[in-house]
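Reviewing the structure listed below.
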Amino acid sequence: MAKNMALTSERDQKKDKNCNEANTSAKKSKGCVKHSLIYILKLVWKKKPILFLIYFIQLVAEVSRTMLAVILPKYIIDYLLEVLQGENYTEVRFKLLLTIGLSIGSHFLCSSIANLTHAMRTSYGEWFNRHLEEELAHHAMTMDFEHTEDPAALDQLNKAKEGINWYSGGVEGILSNFYTIVMNLTVLIGIVTIIVVGCPWLLLIQGVSLCLVTYYNYLNNKIEVQSFLELSALNRKFGYFFYQLADFRFGKDIRLYDSVDMMGEKADIENRKMLEVWAKRMIRQRHNSWKTDIINSLRDGSSYFYLGVLAIKKIITIGDFTMYAGAAGNFFWALFHIVNGVQEVVKRSNYIHEYIVFLQYPSVMEKGAGAIEETEHVIEFCNVSFKYPRTDHYILRDLSLKITSGEHLSIVGLNGAGKTTFIKLLCRLYDVNEGAILLDGRNVKEYSDEEYRKLFAVIFQDFQLFAFSLKENVALEQSSYAMEKAIENALTLSGVYEDAVKLEKGLNTIIYKSFDEEGTELSGGQRQKVAISRAMYKDAPIVILDEPTAALDPMAEYEIYRKFNDLVGGKTAIYISHRLSSCKFCDRIAVFAEDHIKEYGTHEELIGYEDGIYATMFRAQAGYYV
């Protein structure tokens, strides 16, 4: 017991240290291309290894097409010149036609193979995009709940979303540039061999030009990465405003409070900020682009002048001139694509690294592996204190409370008294800062999260329904025939079944019209009853209702609580409600105020305290119904 009740005040320090280390690690590994490449290559090898074979086939096809396009025109031109010079027409014609046929056939075959493999790559690239998005969504749904309320984590999530699609191009974006490097290296070996034999000075002209172009491309890539970091937070805000404007669920508030102008103005402000970043980026990059254009023009002029001199002096033939000119261009662009490919891989790896950082976002909660026995459970808060991360204000302080199996506990108090926070701690959405929460005498940190949360069926005041069918919103899983009977029973208990069967598609009706024109918009009361049905369907030993009946009228609320009292029976139940009439159904009442429990007892006991918080609140509410 002493071990379980040991203070955990070092938790915040440990958590901050973990997060700081993670952030530092993220910064250090931001340029870690190796890390990102290994991650991508392992992912492809594990999921779709055939993609490597596709890249190899395309490599052979494109290298062959490029080299033949450089070499074969030389022979075509030389054969034509031989004809003009009076050589044996029949013999030269055969060579000419054979070379032309080989050129056309090889180009057609290689291009067809390259186009086919490129289409296959694109298809697999889309598959990997969906896979990465699914992994991202899964991690966002399973990571510590605390991160969902952390602006830094939300910014990292947005960087991850943009990093795997928009900026990096996903798996295909990384691999295609890596392939570009390998393909052009292979081409370069053949091209260098050709140039060295006949005109080695071409290598110097192309090399110097490439160094200068590479430098200015490096500057442009650096500018692009900087703008990505600036745009990440702006994109999240911009998207939020337009999501609100376009979401029909906010339609009534927007119209009745005439808030279109206010939201539009906020969106315009963020839009202007984004445009400023883009404009600044374009201006800075434009200066570098002009310089690369000038360098490329000088490079081409110098190359043709050098080859022209060799041709005039008859050091090389006209066919050689064509081949070397083509080789020079291919040499430059092969080098350019190699260097640019390296820069692109580095840049895109930095973007996708944001995704990897998010997947490795540090856990701040202690994870146990203990199993929970099927028995009657006792929950105990032992001197628990808690403050939300990044704040110094304690919401709860030195709170102690014991909830026995089968007990019905009502929690009341003014807004901000810590009632919902108490539930979050009970469900392990957050860990306590000090003290301990015990389940059957053991610290809840020792249990498996998955096992522990199976104990609770919770309806939060800000519950969410999804654009799924009505029955899927209750079960939150694919239902079978047997499960549908349990779903119908849960809907009946909450009092919404009769409304549900009147819908055109019954329980298969989609909630909201986001994706289905025949979807339904439930009333506030109906939505709350569906949420209550969800808790009833789960059939957990501990039922928690955090303001679940706020949208119901007093009579409907009374009926819900009356049914719950009969239904919950021997289960443990915790109610949070501002309507104190619900407290009459409970065994005990805990009154939260000033960061701890001020009053505790039965309804009769607390109402007897003439100047007590509960008695004062109850009399104030009762006055409205007299």
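Any read-out appearing in this document is the output of simple, stated calculations on the displayed coordinates, not a laboratory observation. These numbers come from a predicted model, not from an experiment. Neighbour counts are summed over all protein chains in view; Cβ atoms, including those assigned to glycine, are modelled from backbone coordinates with ideal geometry.
Things to note:
- As a ratio to 2.2 N^0.38 Å, the alpha-carbon radius of gyration for the stretch 356-411 is 1.62.
- Relative to one another, the C-alpha centroids of the stretch 138-163 and the stretch 429-464 are positioned 21 Å apart.
- Sorting the segments 590-600, 391-401 by their residues' average number of neighbouring beta-carbon atoms within 10 angstrom, most packed first, yields 590-600, 391-401.
- Checking the cross-link pairs LYS34/LYS273; LYS159/LYS367; LYS159/LYS454; LYS159/LYS273; LYS387/LYS424; LYS424/LYS598 against a 24 Å limit on the alpha carbon distance flags LYS34/LYS273; LYS159/LYS367; LYS159/LYS454 as lying beyond it.
- 5 angstrom amide H check on TYR447, placed H, neighbours 5+ away: GLY368, GLY370
- Ordering of 127-139, 519-531 by burial proxy (mean other Cβ atoms within 10 Å per residue, highest first): 519-531, 127-139
- Segments 414-423, 448-457 sorted - mean Cβ within 10 Å per residue, highest first: 414-423, 448-457
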